[in-house]
Amino acid sequence: MIRPSRPDVEPIPNTTPTLLYVDADLVVLDKPPGFLTHPDGAEDRPSALAFAQATLGQALEVVSRLDVDTSGVLPFARNPAGRARLKGAVKGYLAVVDGAPPSREGQLEGPVPQAPGRHALTRYRVRQASGGVSVVEAEPVTGRTHQIRAHLAAAGCPIRGDGRYGDPLDRRAPRALLHAHTLTLKDGARFSAPPPPDLARYLEPDDPQRARAGLAADPLTTCYREINGAADGQPHLLVDRYGDWLWVQRNGAGPLPALTHAGRFVLDAAVDRSHAAQAPPQLEGAPPPQPLEVYEHGTAYLVELGSALSTGLFLDQRPQRAWLATHASGLRVLNTFAHAGGFSVAAARAGAETVSVDLSGRWLARIPAQLEHLGLPTAPHRTLKGDVFDWLRRLARRGERFDLVILDPPSTSVGQRKRRWSAARDYPELVALALPLVAPGGRLWTATNLSKLSPLAFARKVASALPEGAYLERVCPPAVDFPVEKAAFSVKTHVWRLR
């Protein structure tokens, strides 16, 4: 099995822990996913301990821990009396699992990998189940590391999104959907944290907008997917929000959703879009400004809603753009099949130098305008018009090297040489052309939206062209507004590291 070395989750930009309770002995937080319990000394990632200590202005003691992608109630002791009050506390968790435990309620026993040879016991109760997914209440009677995750996986129902104990490649959630819901002390004090939107959507499956609650409430994010087809119970409908305007794609007749908007573009998608068979979208309501400014976690992007079949910004890659906007400082980035340069703009905002390659000069021309809109200099950011495969060869001959090479091709394409390229058949060839451009120790970012290619099959295709010693560093899970249910999800993004 190809397994990533980093199965955890990145923090959602602009989020911080929430103080649930403070007294003379204790401080209790609601920890969001992506935050460490305490600094690990290895990376500059945020921690709940650092947040609490900065808020209270004093050193605190770590008494219990939550995994980086586990959310919920997390207490710290302010003194020995607080540590004594937390001893013997009962923790209640909520978990979303694929499948179901062996019975409606019971207990799971057995050793766990993080505590070999030690007894581990977890009590559980199935709260609800439908569509091959269950919401489970779990209580770790013993406090072994990862015991809930390991016990549920051993019972044949791994936590959805758990890249360590479940399928490391076929991740159907932005993180391992485990939430520390309650904490009850021996003195009767009880603290609780509400389930975050990514988990709450499974508690109310008839409300598909529940998963978007965090996005809808975030003034720094104004574009996201409102309805994601079959995963939201509407198989013939895709709806994207760009500020006050909607971009609607529907297959077949049927009522449109009653979502607030100033105007909407409706695209009646043809089965066969070849030979200009696809009619342009039709505007209903007020026209938007051209271009229209939208935001993703505080980064401004310019999109154009009109007759084109694309807006210039693919919303399913929002988490990856957020990663670039946070981590790309000082990197040299090659963005191939760049389209309107969403990845390049995100990397530039972090301080990267970028080179963007695309066959369409019209789309590439949007990149300088977006950089100027952000107040960024355009000089460190080149655009190269032409066939990506030709440019990969030319850049390699020039001896250029990049810290990150992004490959995000269409499923099929026809280049300047009129040769049809297919991701299903030819992806290893693309990887082989890109490898000479990756600097030693650099990253190769591979993505595809070909739904018939499973995550494992895609990883194997890429790995077949990689040199010895290259490894899969990270699997990028789907965004919360692009839920995945029974069918294999289309967008797969894997980050490989070359030694």
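Picking from residues in the stretch 91-135 that are modelled with pLDDT of 95 or more and of a type in the set (Ser, Thr, Tyr), the one that is surrounded by the fewest Cβ atoms within 10 Å (Cβ to Cβ) is 103. Determine, yes or no, whether residue 265 is within 30 Å of residue 494 (Cα to Cα) and in contact with a Leu (Cβ under 8 Å, 6 or more places away or on another chain). No; evaluated as a whole, the condition is false for this residue. Scoring residue 160 on the criteria (1) over 17 Å from the mean Cα position of the chain (by Cα); (2) at negative phi leaves a single failure, condition (1).
Among residues of the stretch 211-232 that are more than 16 Å from residue 261 (Cα to Cα) and free of Cβ contacts under 8 Å to residues at least 40 places away in the same chain, those with a beta-carbon under 9 Å from a residue that is in a strand (DSSP E or B) and hydrophobic (A, V, I, L, M, F, W, C) at least six positions away or on a different chain give the pairs 229/237; 229/238.
Can you spot a residue in the stretch 230-248 that is surrounded by fewer than 15 Cβ atoms within 10 Å (Cβ to Cβ), over 18 Å from the mean Cα position of the chain (by Cα) and either more than 25 Å from residue 132 (Cα to Cα) or assigned by TED's automatic domain parsing to the domain that holds residue 482 (or both)? No: zero hits.
Taken over the stretch 202-225, the residue count meeting the criterion of being under 16 Å from the mean Cα position of the chain (by Cα) and not hydrophobic (A, V, I, L, M, F, W, C) is 5.
The single condition among (1) part of a loop (DSSP other than H, G, I, E, B); (2) of a type in the set (S, T, N, Q); (3) farther than 30 Å from residue 130 by Cβ that residue 490 does not satisfy is (3).
Of everything in the stretch 443-487 that is in a helix (DSSP H, G or I) and either assigned by TED's automatic domain parsing to the domain that holds residue 173 or in contact with a helix residue (DSSP H, G or I) (Cβ under 8 Å, 6 or more places away or on another chain) (or both), the residue that is surrounded by the fewest Cβ atoms within 10 Å (Cβ to Cβ) is 461.
Condition check ((1) of a type in the set (D, E, K, R); (2) farther than 22 Å from residue 230 by Cβ) across all residues:
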position	(1), (2)
431	no, yes
440	no, yes
450	no, no
455	no, no
458	no, no
461	yes, yes
466	no, yes
469	no, yes
493	no, no
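The values are calculated or read from the model by the stated rules, or taken from the named source; none is laboratory data. Only a predicted model underlies this, so the values are computations on that prediction, with no experimental measurement involved. For neighbour counting, all protein chains shown are included, and Cβ atoms are generated from backbone atoms with ideal geometry for every residue, glycine included.
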